[in-house]
């Protein structure tokens with residue numbers, strides 16, 4: 001058996017494989033033995049029919065097809081192993097020459113996508129500074145005020161709606177054709193006017209209204225709105241103000257703190273706890289932003305000719321994520337596509353660039369981990385697993401322990417996470 005290898009763009013290879021007549025004969029014999037069991041000939045038992053009779057009864061094309069079913073997988077795998085080719089997808093096979101007479105060779109090509117060669121620039125120059133987190137007294141006061149507002153007492157008012165009033169409204173959104181838009185309706189919906197929890201212009205439209213009044217107004221959803229289907233959409237809302245309240249004055253004292261935390265606590269201790277929690281939250285957010293900056297720097301240094309199959313798999317994964325997100329919003333995928341006026345192919349095209357960046361990030365990280373010889377000891381994994389288990393109540397610990405037992409995917413995920421943590425630490429200033 002002979003094989004020539006030709007490199008193609010997009011990290012593909014074309015293998016031209018020549019199978020000798022003798023090798024082909026061995027596989028053809030196996031195919032004939034299997035066909036022998038399915039052919040029915042009077043006077044012979046299945047499986048005991050002479051070969052020449054089987055050849056007479058079975059279409060020659062069927063014999064060739066059956067022989068190829070044997071010869072192609074075995075010879076292909078032999079070539080892959082002998083040439084140490086790391087394929088990442090099934091081959092695209094094309095028969096060039098079939099065996100028509102004694103002495104003929106079988107020639108076929110197999111185009112395969114292979115793990116691409118990855119180059120990363122001088123990644124050791126990456127030094128991303130991790131910003132220091134500082135909690136200011138004003139931030140603590142604003143957080144406490146926000147928490148206290150959840151425990152506020154309200155009283156009904158008959159005046160016109162103004163900022164800081166709590167309004168209860170019934171509303172529904174319509175498109176430019178006057179058709180109701182899914183997931184834009186609500187009844188007895190509470191809004192603190194001026195809180196900016198609704199889309200820009202929505203709360204402003206309520207200010208000045210009286211209880212029982214109905215109003216129609218238009219707003220344009222922001223281009224970065226969390227629900228992609230609504231981004232940039234012009235929506236006409238029909239809204240009725242059903243209730244209006246103003247907040248009674250609040251004082252931060254030990255009685256209020258007990259209402260909030262469920263136990264007695266001094267004002268200074270309460271403020272310190274809020275400050276500590278706020279710092280933890282800010283540190284988490286800062287760490288995520290810093291880690292993303294490190295990954296972005298890696299992506300810019302990656303040089304790779306990406307196989308289309310890796311891109312296609314990543315795009316499919318991202319589309320599956322989107323389908324799940326749409327489903328959680330209560331929409332059917334087809335309904336969503338119709339609403340945003342896009343096809344699945346449109347989404348696939350839009351996700352090409354993000355998919356490319358995600359694949360580059362993954363390959364770049366794998367390259368650096370190997371090149372820098374970053375390793376994680378079993379003891380480090382044990383320690384992290386123990387930390388995770390310690391966060392769960394006793395009745396749930398057995399399930400968590402099973403999830404992270406040796407050889408499990410959960411444990412492998414911890415191992416991978418620790419590797420990336422070490423990589424990011426190495427590239428941090």
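Modelled this way, with points 7 Å down the Cα-to-C-beta line, the labels at residue 172 and residue 268 are 5.8 nm from one another.
Based on the Cβ-Cβ distance of residue 102 and residue 52, what FRET efficiency does E = 1/(1 + (r/R0)^6) give at R0 = 22 Å, to the nearest 0.05?
Working: r = 15 Å, r/R0 = 0.67.
The formula returns an efficiency of 0.90 here.
Just how far, in whole angstrom, is segment 305-362 from segment 184-206 if you go by their alpha carbon centroids? That distance is 31 Å.
In terms of its C-alpha gyration tensor, segment 223-288 has an oblate overall shape, because the principal axis ratio a/c (a ≥ b ≥ c, square roots of the eigenvalues) is not below 1.5 and a/b does not outweigh b/c. Residues of segment 234-276 falling in the label zone of residue 210, defined by backbone nitrogen less than 20 Å from a point 7 Å along Cα to beta-carbon, are 239-246. Take the Cα of residue 242, go 7 Å toward its beta carbon, and the backbone nitrogen atoms of segment 168-205 under 16 Å from that spot belong to 168-173, 184-192.
Net length available on complete extension from residue 188 to residue 34 is 48.2 nm, with 0.36 nm assigned per residue and the Cα-Cα distance removed.
If you take the square roots of the eigenvalues of the alpha-carbon gyration tensor of the chain and sort them as a ≥ b ≥ c, do you get rounded (a/c under 1.5), prolate (a/b over b/c) or oblate? Prolate. Highest mobility in the GNM of the chain, judged by mean-square fluctuation with C-alpha springs under 10 Å and restricted to 364, 43, 208, is found for 43.
What FRET efficiency would be calculated for the residue pair residue 324, residue 195, taking the C-beta separation as r and a Förster radius of 35 Å, to the nearest 0.05? Computed FRET efficiency for residue 324 and residue 195: 0.75.
A Gaussian network model of the chain, with springs between Cα atoms under 10 Å, assigns the largest mean-square fluctuation among 27, 351, 48 to 48. Each residue in 261, 87, 39, 19 was given a count of other beta-carbon atoms within 10 angstrom of its own, and listing them fewest first yields 261, 39, 87, 19. On full extension, the segment bounded by residue 65 and residue 8 gains 17.7 nm, given 0.36 nm per residue less the C-alpha separation.
Applying 0.36 nm per residue to the separation of residue 109 and residue 282 and subtracting their alpha-carbon distance, the gain on full extension is 56.6 nm.
Over the chain, what is the mean sequence separation of C-alpha contacts under 8 Å (at least six apart), divided by residue count, expressed as relative contact order in percent?
This gives 16 percent for the chain.
Which of 115, 13 has the fewest other C-beta atoms within 10 Å, and how do the rest follow up to the most? The partial results should precede the final answer.
On the way: 115 14, 13 17.
Result, fewest neighbours first: 115, 13.
Rounded, prolate or oblate: which one fits segment 2-115, using the alpha carbon gyration tensor with axes a ≥ b ≥ c (rounded when a/c is under 1.5, else prolate when a/b beats b/c, else oblate)? In terms of gyration-tensor shape, prolate.
Bear in mind that the values in this text are calculations on the coordinates, not laboratory data. Computed from a predicted structure; not experimentally measured. So basically every Cβ, Gly included, is an ideal-geometry build from the backbone, and we count neighbours across all protein chains shown.
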